[in-house]
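The structure appears below as C-alpha cells.
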Amino acid sequence: MRKSIFKISLFLLFLTGVFSACGAGGPGQNFNAAQVASIELRSNQDSLRPGEHLMVEALVRDAQGNLLAQVPVLFEVDVPEYAEIDPQGLLQALYPGLVQVTGSAGGVRSAPLPLTVLPLEHLGQITRLTDNDLADDWGPNNFWRTTARGVVLWQRILANANVEVLLHDRQDAVNDDQLIATVSFPNNDVDFMALGTGAGLDSVLASYRVNLSTTFASEDGAPPVNLGDQNQEENSIDMGCFFFREGGGFNDIQRYTLAQGLVELADVGDLYGPIGSACQAVWEKRGLAGSELVFFDGADQETVAGALPMFPQYDFKNGILVFARGGDVFVVDTRQGPPYVELPLTQDGMAVVEDFPKTDGVSVVFRRSDGGAQHIVQLDLAGGGEATLSTNNDPKAGISLAIDQKQVIWTEGADLYFHPGTMDSVDTVQVDTGLVPRDVNFPPHLHDGLVTWVGNDGDTEIFTLE
C-alpha cells in the first residue's frame with residue numbers, strides 16, 4: 001500500500017501562520033473594548049478570481065445591538081497563499097481555493113466569512129496566430145516557456161531564409177505582431193528562445209541565441225541587447241531576471257537584468273539548468289557520482305538537496321523547490337531557513353514511481369506510474385488535498401508537464417491535455433486542435449491561463465487556447 005506523509009509535510013511546510021492586518025472603520029479613536037459584543041463580516045460577493053479585489057466590511061456591535069464606530073478590527077485570512085487583506089478590509093485574490101476571513105476586536109472574534117477564489121477564467125477559445133506557408137515555431141533546442149502575461153514569442157523563417165523574432169499580445173488581432181529583430185541568412189540559426197515576466201507589472205523579457213553562440217535579450221520588444229558570445233543554453237526568465245548557463249565548456253551561471261547588465265553568479269564546479277523565480281534561482285551542481293541542487297537567494301548560495309542523479313528532475317517557483325529522487329517527490333521551502341529542510345511529499349520508493357515534479361509555488365503536479373498505468377497527480381501545499389487529474393492510464397510525457405495558477409497541461413503522444421485548476425478530473429479536457437494536429441517536435445507552454453502550442457498543416461503555425 002502506498003504510504004503518504006503529505007499532510008504532515010504540509011503542516012511542517014506552512015508553519016508561517018496567517019496574514020493579518022488591522023482595519024475596518026479606520027484608525028481606532030478612544031473606544032471601550034468592553035463594549036464590543038459581536039462582529040459580523042460581510043461582502044457584496046462571495047467569489048472572485050486571482051488579481052481581483054473585494055471589500056470586507058466589519059459591523060461591530062455592543063450588547064444592545066448598536067453599531068460601534070471607529071473600532072480597530074484585526075482581519076485574518078486562513079490561507080495567505082490564496083488571498084491577502086489590507087487594514088481597510090480590501091481583500092485581493094492571489095490563488096484559486098477556499099479562504100475564510102475572520103475579524104477580531106476587544107477579545108471578540110467574528111464567525112468566518114467564506115470566500116472562493118475561482119480559477120482563472122477558461123473559455124475554451126482557440127486562436128490561430130499565424131496562417132501562412134512559412135515556418136512559425138519556437139525553433140530548435142527549445143524546452144523553455146515562450147509565453148508570459150498574455151504575450152507569445154516565436155520565430156518565422158522567411159522565403160529568403162532570414163529569420164524574424166516576433167511577439168504577439170493576446171489582445172491584438174491575428175497577424176498584428178511585433179517584430180523584435182530580423183536575423184539575416186546565412187547566420188540565421190535562432191534557438192534557445194524563452195519569454196518570461198519583466199521587471200515591470202505588465203512587461204515581458206525575451207531571450208534567444210543566434211548562430212549557436214551570441215545571446216540576445218529584449219524587454220517588451222525593444223531593440224535587443226547583445227550579451228556576447230555566451231554559448232548560452234539552459235535558461236529561465238522571471239521578473240526581469242534572466243538566468244542561463246554559459247556553455248562552450250565553461251558551465252557557469254550568468255544573470256542578466258536591464259538595470260545591472262550581465263553578472264556571473266557562479267563559476268566553481270560543473271553547473272547546469274538554472275530555474276529562476278522572483279530573481280532567486282536553483283541550479284544543478286554536478287559531481288563525479290551525482291548531483292546536488294544549489295539555491296541562490298539573490299545574494300548567497302547554499303546547497304539545499306543532494307544525493308541526486310545527474311540531470312535531476314526539479315522545479316522552483318516563489319521559494320518552493322520540488323525535486324524527484326528514488327521514485328518519490330520532495331519539497332524544500334526556501335523561505336524557511338537556513339538551514340533548509342527537505343520534506344517528502346510521497347513515500348512510495350520504487351514500487352510506485354513519482355517523477356517530473358513541477359510547481360507554481362502553491363501546488364505541485366507530477367507523473368505517477370503504478371505498474372502499467374500512468375497518471376497526473378496534483379497536490380495543493382497550502383490548502384491541502386490530492387487529486388488525480390488524468391482520466392486514463394495511457395503514457396504521459398512527464399517532460400511536457402506545466403502548472404501555473406493551479407492550471408495544468410501535459411501531452412500524451414500528439415494529444416494535448418488541459419486542466420482548468422479545479423482539481424477535479426471531470427474538468428480535464430483533451431484540447432481539440434481541429435484539422436491542424438499538434439507538432440510533437442515543439443513543447444506546449446502555459447502561463448496566466450494562456451496555453452500555446454505549435455500545429456502543423458504542412459508547415460508549422462502558432463495556436464493559443466484561453
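Here are a few things to note about the model shown:
- Residue check, Asp220 surrounded by fewer than 19 Cβ atoms within 10 Å (Cβ to Cβ) and either under 24 Å from the mean Cα position of the chain (by Cα) or at pLDDT below 95 (or both): yes
- Wholly within region 101-142, strands (runs of 3 or more DSSP E) carrying at least 3 residues that are within 30 Å of Gly421 (Cβ to Cβ): 113-117, 126-128
- Sub-7 Å Cβ pairs linking a first residue in region 135-154 that is farther than 16 Å from Ser400 by Cα to a second residue that is of a type in the set (Phe, Trp, Tyr) and modelled with pLDDT of 95 or more, at least 6 apart or interchain, are Asp136/Trp154; Asp137/Trp154; Asp137/Phe442; Trp154/Trp138, ordered by first then second residue.
- Pairs where the first residue, in region 259-283, is more than 18 Å from Phe143 (Cβ to Cβ) and in contact (Cβ under 8 Å) with a residue 24 or more places away in the chain and the second is of a type in the set (Asp, Glu) and not in a loop (DSSP other than H, G, I, E, B), C-beta under 7 Å, 6+ apart: Ala266/Asp252; Ala278/Asp238
- Per the conditions (1) out of contact with any helix residue (DSSP H, G or I) (no Cβ under 6 Å at 6 or more places or on another chain); (2) surrounded by fewer than 20 Cβ atoms within 10 Å (Cβ to Cβ), the sole criterion not satisfied by Leu343 is (1).
- Neighbours by Cβ (under 9 Å, 6+ apart or cross-chain): first from region 58-72, farther than 17 Å from Ser104 by Cβ and part of a loop (DSSP other than H, G, I, E, B); second of a type in the set (Gly, Ala, Ser) and at pLDDT below 95: Ala69/Gly25; Ala69/Gly26
- Selection within region 370-400: residues that are charged (D, E, K, R) and in contact with a strand residue (DSSP E or B) (Cβ under 7 Å, 6 or more places away or on another chain). The member of this set that is nearest to Trp144 (Cα to Cα) is Lys396.
- The set of residues in region 23-37 being surrounded by fewer than 15 Cβ atoms within 10 Å (Cβ to Cβ) and either of a type outside the set (A, V, I, L, M) or modelled with pLDDT of 95 or more (or both) consists of Gly26, Pro27, Gly28, Gln29, Asn30, Asn32.
- Checking the stated criteria, Arg367 turns out not to satisfy the condition of being surrounded by fewer than 20 Cβ atoms within 10 Å (Cβ to Cβ) and either modelled with pLDDT of 95 or more or not in a strand (DSSP E or B) (or both).
- Residue within region 393-407 that is surrounded by fewer than 20 Cβ atoms within 10 Å (Cβ to Cβ), within 16 Å of Val329 (Cα to Cα), without any contact (Cβ under 8 Å) to a residue 40 or more places away in the chain and not basic (Lys, Arg) present: no
- Region 250-277 - residue that is crowded, with 21+ Cβ neighbours inside 10 Å and of a type in the set (Val, Ile, Thr) and, of those, nearest to Lys317 (Cα to Cα): Ile275
- Residues being surrounded by fewer than 17 Cβ atoms within 10 Å (Cβ to Cβ), β-branched (Val, Ile, Thr) and either part of a strand (DSSP E or B) or under 19 Å from the mean Cα position of the chain (by Cα) (or both) - total across region 412-430: 1
- Among residues of region 424-442 that are in contact (Cβ under 8 Å) with a residue 60 or more places away in the chain, those with a beta-carbon under 7 Å from a residue that is in a loop (DSSP other than H, G, I, E, B) and surrounded by 18 or more Cβ atoms within 10 Å (Cβ to Cβ) at least six positions away or on a different chain give the pairs Phe442/Trp138; Phe442/Asn142.
- Residues within region 212-265 that are among the small types (Gly, Ala, Ser), at negative phi and not in a strand (DSSP E or B), tallied: 4
- Residue in region 394-411 that is in contact with a helix residue (DSSP H, G or I) (Cβ under 7 Å, 6 or more places away or on another chain), assigned to a loop (DSSP other than H, G, I, E, B) and modelled with pLDDT of 95 or more present: no
- When region 146-175 is filtered for residues that are under 27 Å from the mean Cα position of the chain (by Cα), surrounded by fewer than 20 Cβ atoms within 10 Å (Cβ to Cβ) and not aliphatic (A, V, I, L, M), the ones remaining, listed by number, are Arg149, Gly150, Asp169, Arg170, Gln171, Asp172.
- The one condition from (1) modelled with pLDDT of 95 or more; (2) more than 25 Å from Leu416 (Cα to Cα) that Asp348 does not meet is (1).
- Candidates in region 434-466 are the residues that are among the aliphatic types (A, V, I, L, M) and under 21 Å from Leu134 (Cβ atoms); of these, the one that is farthest from the chain's Cα centre (by Cα) is Leu435.
The values are calculated or read from the model by the stated rules, or taken from the named source; none is laboratory data. These numbers come from a predicted model, not from an experiment. When we count neighbours, we look across all protein chains shown, and the Cβ atoms used for this are built from the backbone with ideal geometry, even at glycine.
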